[in-house]
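Contents: one structure, followed by commentary.
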Amino acid sequence: MPAGMGRLIALHKLDVFIVGIDHRASVSETKTARLRDLKALDKLSGRLRIKILGEMKYPVNEAKEANLSSKHGLSELLLEGKHDEAVLDGLQPPRNLRKLAIRDYRGQRLPTWASMDSLNCSIPNLVVVELEDWGSCLNVPLFSRLRSLKRLRLYSLKSVEYMENSRYDASSSSSSTSFFPSLEELQLWDMDKLKSWWWMEAGAAVDAGQRTSSSTSSTEVQPQHIQPSFFPRLLKLEIGGCPSPKSIPLCPNVEELQLVRVNKELRVLTTVVMPREGASRLKTMRIADIGGLISLPTDCLRGLTSLTIGDSKLLDLSSLAEVFRSLSSLESLRIHGCNGLRSLHGGLEHLSSFKKMEIQFCEQLDLSAEDKEIGMPWKALKGLQSLMLDSIPKVLVLPDGLQHLTALRLLYIMFNYELMTIPEWINCLGSLELLQITYCPKVKTLPEGIRFLTSLKNFDIYGCSGLTERCRGPNGDDWPKIQHIPKVSV
């Protein structure tokens, strides 16, 4: 960013403002913009991204002189780059801000304007907050009092142990009317040291049995001990790479849930199911521990429309047979990263009405071992309309059972490096409208049966060196087999 930006006092829009020295560039510091150049730009509005490169000579003074709090027209502010406590303290956002994102913060403490309950006073109208790559900071602001906050994303906050470090106050923070009253989406990812939601002083006024130890100066409080605290409007919850917390405040209205690389005691049943009611509003779920799925009552399963399973210890689907029987509303199933899975037998046949399935990154899955005589489980999936087979190393040939998928409209065969051929029975897939073959280098030719796929409208080939030239019109050897297809991408 060139020097002299501070003279543009009538400037209304400035998407990005870059300060500091980029040591990769041959530009002297005197010719680059400073934070203080923002001081007179009080007419800025909309979105502003401030990116700090390298070091600044007088970072504290410059941050204060930027006078961000006077930029009342700003609605979104993104601060990124290497900055410490003093710099962030000086970059206090304007009161009317709606979205705040801070990345790569190096300080251990929160700035004054965000510490304790200050955020609720300094920026009360925040709707979206995103914090990313805070390697050293020990705390996060008290977000639960922000009445307009709808989306909170915390990613890679490596030193945070508790979401709320203030003394627990049963008259305020536990009340469902003041605890995240508007929050609709919560994402907590890669918070390695996170222990629990609350920290409280020993001796605080809570019911007996809530303290884990009376002999220590502080104690963790598990959310089930301090009900009725819960997220009254939360619809989407993602927790990943947080191995310690055993529970979080209840989320009875959540419709979309992801639990990946979390404590085994952090179960769906204790997270989204209202006590005594035994039901939930879950529509979409991604889970890495099938134990949490099996523990759900039938009433919770009936409303699921999309399910992703990513349990690396799962060997077959027989343990999920009862679960699958209850998934009467399921439309989409994704099996992702189940590296121990060897067979699809034992469960899929109970999902006769679902329409979409994706199988990805399953290193031990051998589809050729499925029962060829009766074609199970594929024969039972007559309503399946979309199928993806992605990164399955043991796929040498497509299973014969796939020919029973007469309703199939979309077929994606991707990154199956050992796949040798596309079978002649592909002509049985009379409803197929899209066929994509991506990075299957050992597939060298197309079957004659593809001529009879008269419904096929799109045929895509990528990364298949031997096949590509054969399918390139008008002289490719396989071009006569596919020339009837309206759109061919090679």
Checklist line | Share, in percent, of DSSP beta bridges within the chain that are antiparallel, nearest 5 | finding: 5 percent
Checklist line | Spin-label pair residue 7/residue 315, simplified geometry with 7 Å Cα→Cβ offset, distance in nm | finding: 7.6 nm
Checklist line | Distance (nanometres) between label positions extended 7 Å along Cα→Cβ at residue 468 and residue 138 | finding: 5.6 nm
Notebook entry, point to check: Normalized C-alpha radius of gyration of the stretch 57-111, against 2.2 N^0.38 Å?
Noted result: 1.08
Check: When the convex hull of the C-alpha atoms of the stretch 401-474 is computed, what volume per residue in Å³ does it have?
Finding: 83 Å³
Item checked: Spin-label model distance (nm) - residue 415 vs residue 190, 7 Å beyond Cα toward Cβ -> 1.8 nm
Checklist line | Packing-based ranking, highest mean first, of 332-344, 294-306 given that Cβ atoms within 10 Å are counted | finding: 332-344, 294-306
Next item on the list: Take the Cα of residue 95, step 7 Å along the line toward its Cβ, and report every residue of the stretch 120-151 whose backbone nitrogen sits under 12 Å from that point.
Entry: 121-125
Check: So what is the relative contact order of the chain, in percent, for Cα pairs below 8 Å that sit 6 or more residues apart?
Finding: 5 percent
Note to self: How large is the translational diffusion coefficient of the chain in µm² per second when you combine the Kirkwood radius over alpha carbon pairs with Stokes-Einstein at 37 °C and 0.692 mPa s?
What the structure shows: 125 µm²/s
Next item on the list: Mind jotting down the three principal axis lengths of the stretch 1-155 based on Cα atoms? Whole angstrom, largest first.
Entry: 45, 34, 22
Checklist line | Residues listed by number, the stretch 75-105, amide nitrogen under 17 Å from residue 182 label point at 7 Å toward C-beta | finding: 75-77, 94-101
Note to self: Would any residue of the stretch 289-320 have its amide N under 16 Å from a label point 7 Å out along Cα→Cβ of residue 342? List them or say none.
What the structure shows: 312-319
Checklist line | Local electrostatic count at residue 66 - Lys and Arg +1, Asp and Glu -1, tallied over other residues with Cβ under 10 Å | finding: +2
Check: When Lys and Arg each count +1 and Asp and Glu each count -1, what net charge do the other residues less than 12 Å away from residue 457, Cβ to Cβ, add up to?
Finding: 0
Next item on the list: Take every Cα-Cα distance within the stretch 332-490, group them into 5 Å bins from 0 onward, and report for each bin the whole-number percent of pairs it holds.
Entry: 2, 9, 18, 24, 22, 13, 8, 3, 1, 0
Item checked: Relative contact order [Cα under 8 Å, 6+ residues apart], the stretch 9-146, whole percent -> 19 percent
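Each value in this text was obtained by applying a stated rule to the coordinates, not by laboratory testing. Being a predicted model, the structure only gives us computed values, none of them experimental. Neighbour counts run over all protein chains shown; Cβ positions are idealised from the backbone, glycine included.
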